[in-house]
1. Once all Cα-Cα distances of the stretch 66-110 are split into 10 Å bins that start at 0, what whole-number percent is in each one?
2. What do you get for chymotrypsin sites (Phe, Trp or Tyr not before Pro) in the stretch 48-118 restricted to DSSP loop and a cutoff of at most 10 other Cβ within 10 Å of the site's Cβ?
3. Quick one: what Rg and Dmax do you get for the stretch 41-118 from the alpha carbons, in Å?
4. For ASP99 and THR48, calculate 0.36 nm times their separation in residues minus their Cα-Cα distance, and state this gained length in nm to one decimal.
5. Quick one: if the Förster radius is 35 Å, what FRET efficiency do SER112 and THR36 give, using the C-beta to C-beta distance and rounding to 0.05?
6. Loop-only check: which trypsin sites (Lys or Arg not before Pro) in the stretch 28-84 are DSSP coil with at most 13 other Cβ within 10 angstrom?
7. Lys and Arg at +1, Asp and Glu at -1: add these up for the other residues within a Cβ distance under 15 Å of MET65 and post the number.
8. Which aspartates and glutamates have a Cα lying under 13 Å from the Cα of LYS19, excluding residues fewer than 8 positions away in the same chain?
Amino acid sequence: PGAGAECGFTPRPGACLTKVELRVTCKGVPDRDPRTKPDPCVVLNMKTQGQWIEVDRSEVVCGSMNPSFSKVFTLDFYFEEVQRLRFELFDVFGPQDSDFLGSVECTLAQVSRPAVKT
């Protein structure tokens with residue numbers, strides 16, 4: 001089963017679907033502690049039946065203000081469904097300790113369009 005099924009989202013039968021791989025890179029992550037650089041982690045959430053559900057999370061990239069996460073988020077993309085995503089960025093200090101740095105919301109369709117070459 002894909003990420004949709006794991007999150008409790010069941011598309012209607014016969015919906016067109018494809019797999020989408022997302023990779024995340026951040027630029028200029030806020031450095032809130034002057035003594036250390038941030039140790040960022042991205043949490044991917046999907047809106048399902050009016051609730052935000054955590055789909056997956058990246059690894060922690062130690063000491064980086066411009067991280068490129070190696071984690072590949074693989075999602076099922078249903079062409080007839082609006083799939084809302086929220087990427088949350090945290091500065092991680094330990095297993096149960098982190099600071100929220102920011103978030104961005106979009107649809108899966110917005111971030112899965114092929115790049116336009118000019």
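Taken together, the values in this text are just the output of simple stated rules run on the coordinates, not laboratory data. Computed from a predicted model, the values in this text were never measured in an experiment. Note that each Cβ is placed from the backbone with ideal geometry, even for glycine, and that neighbours are counted across all protein chains shown.
1. Reading upward from the zero bin: 21, 42, 29, 8, 0.
2. Details: sites: TRP52, PHE69, PHE73, PHE77, TYR78, PHE79, PHE87, PHE90, PHE93, PHE100; in loops: PHE69, PHE79.
Qualifying residues, ordered by number: PHE79.
3. 14.1, 45
4. Details: separation 51, 0.36 × 51 = 18.36 nm, distance 2.50 nm.
Working it through step by step, the gained length comes to 15.9 nm.
5. Working: r = 35 Å, r/R0 = 0.99.
For SER112 and THR36, the calculated efficiency is 0.50.
6. Working: sites: ARG32, ARG35, LYS47, ARG57, LYS71, ARG84; in loops: ARG32, ARG35, LYS71.
For trypsin sites (Lys or Arg not before Pro) across the stretch 28-84 that sit outside H, G, I, E and B with at most 13 neighbouring Cβ atoms in 10 Å, the list reads ARG32, ARG35.
7. Details: positive: LYS27, ARG32, ARG35, LYS37; negative: ASP31, ASP33, ASP39, ASP91, ASP99.
Counting the neighbours of MET65, the net charge comes to -1.
8. ASP76
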